[in-house]
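Nothing in this text is a laboratory measurement; each read-out follows from the coordinates by a stated rule. Just so we're clear, the structure is a prediction, and the values are computed from it rather than from any experiment. In this analysis, Cβ positions are derived from the backbone assuming ideal geometry, glycine residues included, and neighbour counts consider all displayed protein chains.
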Amino acid sequence: MTTILDEKKAGGNPGVPETPCACGAAHLGGEVKETARRFEKGVDRAKVALSEKIEDGKTAANRLLKCGQYAVEDGMEETMHQIKRNPVGSLAIAFAAGAAFGFLALFLPRLGKK
């Protein structure tokens, strides 16, 4: 198998000094430039794709935030409706929850010391 450099040496012109690196270096420089162009195009495509994904993520996050806000508002309205429909049961539940938290507040620090 012969390379460009070998061919240059074998079939050189008489009277012209041989420069084995000139042809190979020019070819190599062209390949480097082409590789750099392809790399730059790839980086540009990656930037565009990444910005699109970030924009999609922002849109999805905003949509999720609005859905969460609507769910909280609906829950608050439903809770107020249930309290108005059944005030005695609501008071009993509130009292039981307060008592449970009170007992936990009293006994948890003591359990931690033992």
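Whole-Hz ³J(HN,Hα) for each residue in segment 28-41, computed from phi via Karplus 6.51 cos²θ - 1.76 cosθ + 1.60 with θ = phi - 60°, x for glycine and proline: what do you get?
Going residue by residue, I get 5, x, x, 5, 5, 5, 5, 5, 5, 5, 5, 5, 5, 5 Hz, with x marking Gly and Pro.
What residue among V72, G42, I83 has its Cα farthest toward the positive end of the dipole of segment 18-86, where the charges are +1 on Lys, Arg and -1 on Asp, Glu, each on the Cβ?
I83
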